[in-house]
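Any read-out appearing in this document is the output of simple, stated calculations on the displayed coordinates, not a laboratory observation. Predicted model only: the values in this text are computed from it and were never measured. Don't worry about glycine lacking a Cβ; one is built from the backbone with ideal geometry, like all the others, and counts go over all protein chains shown.
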Amino acid sequence: MEYLLAGLVLFLGIHSARIFADGWRSQMVARMGLQPWKMLYTALSLAGLVLIVWGWGLARQSPVLLWQPPAGLRHAAALVTLLSFVLLAAAFVPGNQIKARFHHPMVLSVKAWALAHLLANGSLADVLLFGSFLAWSVAQFIVLRRRDRRDGRSYPPGRLGATVLAVLAGGVAWAVFAFWLHAVLIGVKPFGGQ
């Protein structure tokens with residue numbers, strides 16, 4: 001569990017610099033330069049991610065079960081995860097109505113992904129992992145929306161065609177991940193048992 005916690009602190013810590021220490025981040029960029037800062041940010045993020053994956057894998061070997069989610073929550077989690085993939089696709093498809101409405105669909109995607117996994121899993125490691133990402137994404141979304149209002153940032157209205165493309169791309173990516181890649185990469189089949 002220590003590796004998981006260390007990874008979460010490192011990964012979410014560096015990703016929280018703009019939330020809690022934007023002035024410090026700006027000073028570091030000014031002192032180091034943008035490219036060295038990006039390299040440091042990437043290195044710390046990757047180290048944190050490796051620790052998260054390793055720590056979560058170790059924790060899964062001897063899980064501490066807090067509750068057993070009912071089957072209905074697993075079905076709800078599948079739908080929320082589909083929403084997460086659509087939001088993620090909307091972050092990359094230019095000119096869609098989802099991004100025009102919510103402004104930060106990638107952060108909402110993380111929020112939906114974390115919530116879905118909290119619904120479907122009841123171990124201590126799962127609560128730490130997905131609860132941390134949920135808390136981070138809520139804080140990040142609030143800060144980003146406040147910054148948009150403060151800076152007077154506006155988002156262009158989206159187009160229907162781009163929105164349909166985002167929904168289709170997200171749906172296809174969800175299906176591939178849910179029915180194949182999740183088992184290959186994570187070792188868990190969301191549909192059809194372990």
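A Förster distance of 41 Å, applied to the separation of the beta-carbon atoms of Leu124 and Arg159, puts the FRET efficiency at 0.35. Placing a pseudo-label 7 Å from each Cα along the Cα-to-Cβ vector at Arg74 and Ala135 gives an inter-label distance of 2.8 nm. Note on Ala183 and Arg147: their simple-model spin labels are 4.1 nm apart, each label 7 Å out from Cα toward Cβ. Computed 3J(HN,Hα) for the range 69-84, one whole-Hz value per residue from the Karplus formula 6.51 cos²θ - 1.76 cosθ + 1.60 where θ = phi - 60°, is x, x, 4, x, 5, 5, 5, 4, 4, 4, 5, 5, 5, 4, 4, 4, glycine and proline marked x. Evaluated on the range 64-194, the Kirkwood hydrodynamic radius is 15.7 Å, with distances taken between all distinct Cα atoms. Can you tell me, using C-alpha contacts under 8 Å and at least 6 residues apart, the relative contact order of the chain as a whole percent? Computed value for the chain: 25 percent relative contact order.
Peptides 80-87, 118-125 ranked from most to least packed give 80-87, 118-125, packing being the mean of other C-beta atoms within 10 angstrom over each peptide's residues.
Using the alpha-carbon positions of the range 112-160, Rg (one decimal) and Dmax (whole number) come out as 15.3, 43 Å.
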